[in-house]
Amino acid sequence: MHLKILTSLLLALLFSTGCADKAQTVNQSFNKPATHWYAQILKYVRSGELDKADDAYTSLSSEHVASALLESALMTLARAHSDSEEHIMARYYIDTYIKRYAKSTNIEYLKFLKLKSNFEALKKAKRDQKLILDTIVGSNEYIKKFPNSSYNPLVHTMLTKLYLAELTLNRDIAALYKKTGKKKAAKIYEDKVSASWLKTTEIDLSKQSMLGKIFE
């Protein structure tokens, strides 16, 4: 009887100690100053551990909603994800930065940064028709809104490559529809190819790797 009581007491003590240790570990993850989370972000960006850097940003933004370090953290993470070709996350941070910190003095650069991220995403998603079309629209809107932007030469270069990608993709879709006997659908895309301002006779579209080379 005494042995059972002693065993029960030992188990209860071990359980309560374990819970206390767990609670202490959880508490240690909270109530950190903004400088701690910002330092963690920089540390994980330098080591290439972007998932951990994202987690540190989540803690910084949720625990210190008015911190002056948030602005720098957002741009750091946007560039880090862009450099790692994680463009969905890069665009998320750019969009968040624009919503919170866009001003007349930096909106031109921020909009260009987002366009550049969309364009670079096509290196991996070169057959993403919607992304190509959205980036074409965005590029034209940028040129119209910022006609004197110093970034416009780069935007024009991207736009030419985007039109070429659209042309190549339309050509490939037309060929696929023709091959599967869908003549009406093929005709729609053949007409798009014919209507392109690019002179297709001067461009070798026969190479299978053409679409990939456009974004190199």
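Below is a table of values for the structure above.
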quantity	calculated
Length added when fully stretched, Leu154-Ala185, from 0.36 nm per residue minus Cα-Cα	7.7 nm
Distance violations [Cα-Cα > 28 Å] among Lys52/Lys99; Lys52/Lys144; Lys123/Lys145	Lys52/Lys144
Karplus 3J(HN,Hα) series, Hz, for the stretch 88-104 with 6.51 cos²θ - 1.76 cosθ + 1.60 (x for Gly, Pro)	5, 5, 4, 5, 4, 5, 5, 4, 5, 5, 4, 4, 9, 10, 5, 9, 4
Potential lengthening between Asp51 and Ile107 on full extension [0.36 nm per residue; Cα-Cα distance subtracted]	17.4 nm
Projected label distance in nm at Ile143 and Ala39, using a 7 Å step from Cα toward the beta-carbon	4.9 nm
Rough spin-label spacing in nm, given labels placed 7 Å along Cα→Cβ, for Asp83 and Ser196	3.5 nm
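None of the figures in this text is laboratory data; all of them are computed from the coordinates on show. Only a predicted model underlies this, so the values are computations on that prediction, with no experimental measurement involved. Neighbour counts run over all protein chains shown; Cβ positions are idealised from the backbone, glycine included.
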